[in-house]
Ligand SMILES: C[S@@+](CC[C@H](N)C(=O)[O-])C[C@H]1O[C@@H](n2cnc3c(N)ncnc32)[C@H](O)[C@@H]1O
């Protein structure tokens, strides 16, 4: 893929918190190295949702400058994947974490490569949604993998409190034992399970309030809120090599994190930057915390939030 002419930085300082969001346009394998935080291994959290090599149209703005997702052979795609994974892993602080959002066909290769370069798997989470592409020829896809790795297995930044949710034991049974927990967690709450679903967790389609026009692969704000809240602190630096519609940037900026990101398509990058400046659609404070129990309350006393 040829490199593109350099573009002006898109930089915004948050008026309340002073954190800075900075976006660069071009191939992440070149542009990420322009950030001091990347060269100096000062990044706290990487979130990457790469192109899938599925011939997806990333040129919905018809500018002709978009990434061509079908141009690479499988071998080329895997070597491209290893290149950006290496840059991202090297950008991390010792306490840093890396999350990769990836469908079935390349998840295994990414896990193997990250282990090979010394990253430690914390969780293999699954984002489950109910509106997969319909087909009669095989089982319908209803998940994407959220691979959670840390640089150091013992020193990673980990904040469970802002992501707690009501446990099934409380929501379904109203079990009084959940009111007196010995693990230091608030009554009736738990760290979410590794399969993620629930309110606002569907794919961003149709008339979803979050939907940005001309983006097919937009992630929900609630997903990035969870990742950023548990794996970074206010004032930390979050990196996304594949901005797309900018979900990571908008949520990180609103949550008081510095943000650096790259995007190949100029049109996507400019739209993502606008979104970072204008802020999230959801009230991030109110997201999360709900019960995700799939069975109804059986005692009539259970709480769901
Ligand atoms: C799956 S989308 C990301 C969607 C994003 N997470 C969101 O919520 O909108 C992948 C994006 O990566 C961009 N991209 C593909 N190859 C790239 C590269 N080498 N460097 C930077 N961006 C790239 C594509 O243009 C596309 O916008």
Restricting to Cα pairs below 8 Å that are 6+ residues apart, what does the relative contact order work out to for the stretch 205-305? Please round to a whole percent.
25
How many nm separate the modelled label positions at residue 179 and residue 205, each set 7 Å beyond the Cα in the direction of the Cβ?
4.3
Spin-label pair residue 17/residue 105, simplified geometry with 7 Å Cα→Cβ offset, distance in nm
3.7
What's the extension gain from residue 285 to residue 169 if we count 0.36 nm per residue and subtract their Cα-Cα distance?
39.3 nm
Per the helix-only calculation at 222 nm, which mean residue ellipticity applies to the chain, given -39500 (n - 2.57) for every DSSP H run of n ≥ 4 and division by its residues, nearest 500 deg cm²/dmol?
-7500 deg cm²/dmol
Ranked 157, 95, criterion: other C-beta atoms within 10 Å, fewest first:
157, 95
Starting from the Cα of residue 277, step 7 Å toward the Cβ, then list every residue of the stretch 198-242 with an amide N under 14 Å from that point.
none
Angle check, please: helix 266-278 long axis (alpha carbons) against the longest principal axis of the chain (alpha carbons), in degrees 0 to 90, nearest 10.
40
Note to self: C-alpha centroids of the stretch 125-143 and the stretch 162-206 sit apart, in Å, by 24
What order do you get for 75, 90 when you list them from fewest to most C-beta neighbours inside 10 Å?
75, 90
Which shape class, rounded, prolate or oblate, goes with the stretch 137-178 when its Cα gyration tensor gives a ≥ b ≥ c as root eigenvalues, a/c under 1.5 marks rounded, and past that a/b bigger than b/c marks prolate?
oblate
Using only Cα atoms, find the angle between the long axis of helix 74-91 and the longest principal axis of the chain, and express it within 0 to 90 degrees, rounded to the nearest 10.
70
With r defined as the distance between the Cβ atoms of residue 86 and residue 54 and R0 fixed at 25 Å, what FRET efficiency is calculated, to the nearest 0.05?
0.65
Report the gain in length on full extension from residue 299 to residue 141: 0.36 nm times residue separation, minus Cα-Cα distance, nm rounded to one decimal.
53.4 nm
Burial ranking of peptide ranges 239-246, 108-115 (average Cβ count within 10 Å, highest at the top):
239-246, 108-115
Provide 84, 54 in ascending order of the number of other Cβ atoms located within 10 Å of each residue's Cβ, fewest first.
54, 84
Please report the relative contact order for the chain, taking Cα pairs under 8 Å with a sequence separation of at least 6, and give it as a percent rounded to a whole number.
24
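None of the figures in this text is laboratory data; all of them are computed from the coordinates on show. Predicted model only: the values in this text are computed from it and were never measured. For neighbour counting, all protein chains shown are included, and Cβ atoms are generated from backbone atoms with ideal geometry for every residue, glycine included.
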